[in-house]
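**Student:** Shown below is the structure under consideration.
Coordinate-derived values only; no laboratory data. Values in this document were obtained by computation on a predicted structure and should not be read as measured data. As a convention, Cβ positions derive from the backbone with ideal geometry for all residues, glycine included, and neighbour counts pool all protein chains shown.
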Amino acid sequence: MGGAGEHYVIIGNGVAGNRAAEVLRDGDPEARVTIVSDESQPFYYRHLLRDLVTGAVGEDRLGVRPLSWWSDRRIRLRLGQRVQRIDFGAKTIYLAHREKLGYTRLVVCAGSKPRVPETLWASRAHLTVMKTIEDARALRDRFGDVRHVLIAGGDMVSVRTAAAFLLAGRKVTFLVDRDAFWPIEPGPEQRAELAAALRSRGAEVIEDDAVVAVEPVGDARVVALKSGRTVRCDVAGAFFGLVPDIDFLAGSGLDLERGVLVDEHLRTSVEGVWAAGDCAQVYNPDLRNWWVSVGWGNAERLGEVAARNVLGDAVRATGPAESVLRCDGVVVATRWWVDLP
Amino acid sequence: MRSDAAPTGMVVRICGAAGDGNIAAGQVLNRAVTRMGFRVMNFDSYPAEIRGFGKSVAHTRFEVERVWTPGDGCDCLVALDDAHSISETARLRDGAIVIYDDRPPDWHEEDRSVAGFVVPGMHGYGVPLRDLSTLATKGTKARNLVAMGALAGLVRLPADPFREAIRGQFGSKSEEIREGNVRAFDLGWRHATERLKKRDRFDFGLAAPVVERVGKAEILSGNEAAARGCLDAGLLMYAGYPITPATKILEVLAKKLPKAGGVVVQTEDEISAIAHAVGAGWAGTRAATATSGPGLSLMVEMLNLAVMAEVPVVVIDSQRGGPSTGLPTRTEQSDFRLAAHGASGDSPRPVLAPADVAECHALTFKAFEVADAFQTPVLVLLDFFLSNRIEDVSGLAEAAARFGTYAEKRATAGEGGYRRYALTDDGVSPRAVPGTEGLFHPATGLEHDERGFPSYDGPNHVRMSDKRHRKMAALAARWPEPEAVGAEGPLDLGVVSWGSTIGAATEAMRALAARGLAVAGVFPRLIWPVQERPLRALSERSRVLAVVEMNHGGQYADEVERVVGRRVLRVARIGADPIGAAEIAEALVGARKEPGDSTAETAETAETAERNGTGGGQEHGT
């Protein structure tokens, strides 16, 4: 197994995918290794996106590695190339620009995407999300004209984003949605601590209410709340957490639930295909249940486990090492999206 | 209104298979940006074979300021054919744009899609070129114009000049075709502005630059400008045999010369072509032919006849890769020796070399004056790059004046004892055309005496040879000397170049000057006879004297070394593409020490060495 005839393809340009690529290259120097991602930006620090928006950092600070890192390791980056579908029988990936890409072994590290509750789908076009560098660039380019930001939801990103915007002198209205705070689920005390922390920095915090609609008025947004109140702002941010970004796998034959179902060795239901990172739903044979994880460290660890197993090891993925995260000074336990109704 | 942050220009390459419409799209782009006021240089490359074979590229550079070269690298690749365009991605600069068809009729196999080669730092934009073309015209042929619409919309160039350019380009077609093409452009524009998420840095703000010009701008190729120069000079007889890259001159004159009262003859070969022209010139008519290297080889004996019989005639040689049939669609400057010296016996004749499209007009125009004034064949050296590149030009009539004026010395009737080849101080004898009453005389390829009668007398041969060479000295004395451009005083580098390479050498000098080097250049347009004083003056100021040209080893460098009496740095290479400014600058900056110094750094670049085989910066001793 392995060698010059092998072509490892990793779908995903995040920490799991890049760690998998690194391990595969180290373990099989002769094989082809390719990373495919619809994002055009090479591996970058997502946690700095909020600072990119406010101008606290430039794009030059975002990159995790220089481009030479990949070229030196002969890891081909196919960025800005969206996977449309996969024919697992033919071991062929169909890219959206109509190119077929063959593989011998595949690791899916597709990550996650912002979740917008179904009740707000009609308003989706008027909501701002911030998951990718494209999202951040779009907001950065108009940030100078932004005076008032409404943040609805309350996931981990939202709290830190609110803090950054407050630091940049913007008015922030933080609407704590009961449906939010994924992947973390703070209890009532923790939620109160977070609200107090935000208020102490100058944010208006609205609790026990929910967004029902968002309408554009010129460049502004008018947010209608369940209570009947409306809030006029420049940006209406949707921060309701993340969900696995696996739409392209629907109907492919791969077993999916909320994520890609994998065994404890991160093998999917299809021979020669593994999954890791935020998009993987990992079976625990002891618990007879699936678990998921979130966070840089967990994703990196899963990417490594998947790659080692691709290379022939039989490493078992254990539960998330980082089940507790700190959010603006408040310690919260992560539950990710497993408890979604 | 253009913002200060707007880019000053860009380099666009439109690539496809021959017949895909790349060249037509490039022409539309050229017309449009010229209408906007940009300065333009276009240079297309295509295979020697007829349409449907091989790769074809329309290359356009437009800038707010004067454009000297096609530019190094590429800012935007428009891929009309993926297979051919993949190799083009190697030219793309950081931040470049790639526009490709993201709805091809068939799926590409792995690594057969140009989109797969868009690497980090570039920006790929998928546009359904065929689908939109079909929507606009019920066919896929207009996908080139969909792509132009997408390009214009993406980088925010004004749309109206494109629409006008399309209507102008397809003016002879039916309204249905014309407007269908405009619709195709509009659909591309709309797709870019409404569907594409712009990520690149090119934004011209939908505004045209403010550019000062003399007269109204038009876009011409070097060949078209040369043909115009012929017409403006009063050409009445043109004979030619088709050959790449000179054929366009024949085509233009075939259309226009008869309307001006002249005659065009397409002959059976090049020997016949120049024979026609020499005959017409002998008869007192302004006459010309145009060819390329293989044709010029065949013309040498008739050139000799014109030298010996002192017949005015203009021969345009558009050089291409050689020897023999060589590389018909690739550029080179390797006919200098043939043009200046290729002959049996001593056969002196002037050689002019334009630097750009406007000079193709000016120097062709001036070649007729020189031919008449000095009773000699005059060669004008173009090359594939210069013949085919398109530039915006204006003020053509004024431009020729800077190369001086030359009056013909005619004999008047009734002088008696007419000496057609009278020995004079400048070697120029009063000329009578055949049939002039009282001035009958023989004209022959044999050596002759002053009256034209054959003479094999040794001292007479010396006198007549001296006379023919004195004409060249007189021309060198009267032709305006090239002024040194660049820094004054002592120089780190002196640069000499000729013909189409002058532009790249000029850009390279500017780049080096910006890096703090004292650089100046002398760029002769009269390349033979050599005007020695400006070269010697430059040499005396220069620590290193370099000669930049596109041939193997440096043909003109031999002349310069002979004149300045020292070794020069030869930045000479051959290859498929015109030598670029960056390549020249790299070669020059690597040669800061005196050539011949054993510690001198080589001027050879990896690229030149690879292309040249023997290295691009070799130093030859005299």
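**Student:** What list do you get for B:Ile86, B:Ile574 if you sort them by fewest beta carbons within 10 Å?
**Tutor:** B:Ile86, B:Ile574
**Student:** Placing one identical point scatterer on every Cα of the range B:218-403 and ignoring solvent, what is log10 I(q)/I(0) from the Debye formula at q = 0.10, 0.17 Å⁻¹?
**Tutor:** Relative scattering, expressed as log10 I(q)/I(0), comes to -0.32, -0.99.
**Student:** A follow-up question, please. Quick check on the protein assembly as shown: of the DSSP beta bridges with both residues there, what percent are antiparallel, nearest 5%?
**Tutor:** About 40 percent, rounded to the nearest 5.
**Student:** How tilted is helix A:15-27 with respect to the longest principal axis of chain A? Cα atoms for both, answer in degrees (0 to 90, nearest 10).
**Tutor:** Tilt relative to chain A: about 20 degrees.
**Student:** To the nearest 20 debye, what charge dipole does the range B:408-478 have about its Cα centre, counting +1 at the Cβ of each Lys and Arg and -1 at the Cβ of each Asp and Glu?
**Tutor:** 240 debye
**Student:** Moving on to the next point. Toward the positive end of the charge dipole of the range B:194-347, about the Cα centre and with charges on Cβ (Lys, Arg +1; Asp, Glu -1), which of B:Tyr241, B:Pro258, B:Phe336 goes farthest?
**Tutor:** Final value for the positive-end residue is B:Pro258.
**Student:** Just flag the GluC sites (Glu not before Pro) in the range B:245-345 sitting in loop per DSSP whose Cβ has no more than 10 other Cβ atoms within 10 Å.
**Tutor:** B:Glu268
**Student:** Residues of B:101-108, mean number of Cβ from any other protein chain within 10 Å of their own Cβ, rounded to a whole number?
**Tutor:** So the per-residue partner count for this stretch is 3.
**Student:** Still on this structure, please answer the following. Would you mind checking the tilt of helix B:293-309 against the longest principal axis of the Cα atoms of chain B, expressed as 0 to 90 degrees and rounded to 10?
**Tutor:** The angle comes out at about 30 degrees.
**Student:** Of the peptides B:345-358, A:283-296, how do they stack up when ordered by the mean number of other Cβ atoms within 10 Å, highest first?
**Tutor:** B:345-358, A:283-296
**Student:** When we measure straight from the Cα of B:Lys256, which aspartates and glutamates land under 15 angstrom away, once same-chain ones fewer than 8 places off are left out?
**Tutor:** Answer for B:Lys256, where 15 Å is the Cα cut-off: B:Glu224, B:Asp232, listed by chain and number.
**Student:** Exposed loop chymotrypsin sites (Phe, Trp or Tyr not before Pro) only (DSSP loop, at most 13 other Cβ atoms within 10 Å): please give the longest stretch of chain B free of them, not including the sites.
**Tutor:** B:54-439
**Student:** Rounded to a whole number of µm²/s, how large is the Stokes-Einstein D of the range B:420-471 at 37 °C and 0.692 mPa s, given Rh as the Kirkwood radius over C-alpha pairs?
**Tutor:** Rounded to a whole number, D works out at 288 µm²/s.
**Student:** Can you return the lysines within cross-link range of B:Lys55? Criterion is Cα-Cα under 25 Å, with same-chain partners fewer than 8 residues away left out.
**Tutor:** A:Lys100, B:Lys141, B:Lys248
**Student:** Using only atoms on other chains, find how many Cβ atoms lie within 10 Å of each Cβ of peptide B:109-121 and report the average.
**Tutor:** 6
**Student:** Counting alpha carbon pairs within less than 8 Å and at least 6 residues apart, what relative contact order, in whole percent, applies to chain A?
**Tutor:** It comes to 19 percent, rounded to a whole number.
**Student:** Kindly provide log₁₀ I(q)/I(0) values, in the same order as q = 0.07, 0.10, 0.13, 0.15 Å⁻¹, from the Debye equation applied to equal alpha-carbon scatterers of chain A.
**Tutor:** At q = 0.07, 0.10, 0.13, 0.15 Å⁻¹ the computed log10 ratios are -0.30, -0.62, -1.00, -1.25.
**Student:** Let me ask you something else. Regarding the range B:497-598, what's the average projected area of the Cα-atom convex hull, expressed in nm²?
**Tutor:** 6.2 nm²
**Student:** What is the P(r) of the range B:9-195, as percent of Cα-Cα pairs per 5 Å bin from 0?
**Tutor:** Pair shares across the bins are 1, 9, 18, 22, 23, 16, 8, 2, 0.
**Student:** Write down Rg/Rh for the range A:1-97, rounded to two decimals, with Rg from the C-alpha atoms and Rh from the Kirkwood relation over Cα pairs.
**Tutor:** 1.03
**Student:** Rank by packing, highest mean first: peptides A:157-168, B:527-538, with packing defined as the count of other Cβ atoms within 10 Å averaged across residues.
**Tutor:** Output ranking for A:157-168, B:527-538: A:157-168, B:527-538.
**Student:** With each run of n ≥ 4 DSSP H residues scored as -39500 (n - 2.57), what mean residue ellipticity at 222 nm is computed for chain B after dividing by its residue count and rounding to the nearest 500 deg cm²/dmol?
**Tutor:** -11000 deg cm²/dmol
**Student:** Among B:His276, B:Thr364, B:Pro442, pick out the residue whose Cα is farthest towards the positive end of the charge dipole of chain B, where Lys and Arg carry +1 and Asp and Glu carry -1 on C-beta, about the Cα centre.
**Tutor:** Ranked along the dipole, the leading option is B:Thr364.
**Student:** Out of all Cα-Cα pairs in the range A:215-268, roughly what percent, to the nearest whole number, are more than 14 Å apart?
**Tutor:** 68 percent
**Student:** Could the peptides B:140-152, A:129-141, A:33-45 be put in order, highest first, of the mean number of other beta-carbon atoms found within 10 Å of their residues?
**Tutor:** B:140-152, A:33-45, A:129-141
**Student:** May I ask for the Rg/Rh ratio of chain B, computed from Cα atoms with Rh as the Kirkwood radius, given to two decimals?
**Tutor:** Radius of gyration relative to Kirkwood radius: 1.01.
**Student:** Per residue of A:64-72, how many C-beta atoms from partner chains lie within 10 Å of its own C-beta, taken as a mean?
**Tutor:** Across the residues of A:64-72, the mean count of other-chain Cβ atoms within 10 Å is 1.
**Student:** Compute the whole-percent fraction of alpha carbon pairs in the protein assembly as shown spaced more than 59 Å apart.
**Tutor:** Within the protein assembly as shown, distances greater than 59 Å cover 26 percent of Cα pairs.
**Student:** Hey, any idea what Rg/Rh is for the range A:231-322, computing Rh the Kirkwood way over Cα pairs?
**Tutor:** Answer for the range A:231-322: 1.08.
**Student:** Can you tell me the mean projection area, over all orientations, of the convex hull of the range A:117-241's alpha carbons? Units nm², please.
**Tutor:** With every direction weighted equally, the projected area is 7.1 nm².
**Student:** On to the next question. Which whole-number percentage describes the relative contact order of the range B:339-386, with Cα contacts under 8 Å and a sequence gap of 6 or more?
**Tutor:** Here the relative contact order equals 42 percent.
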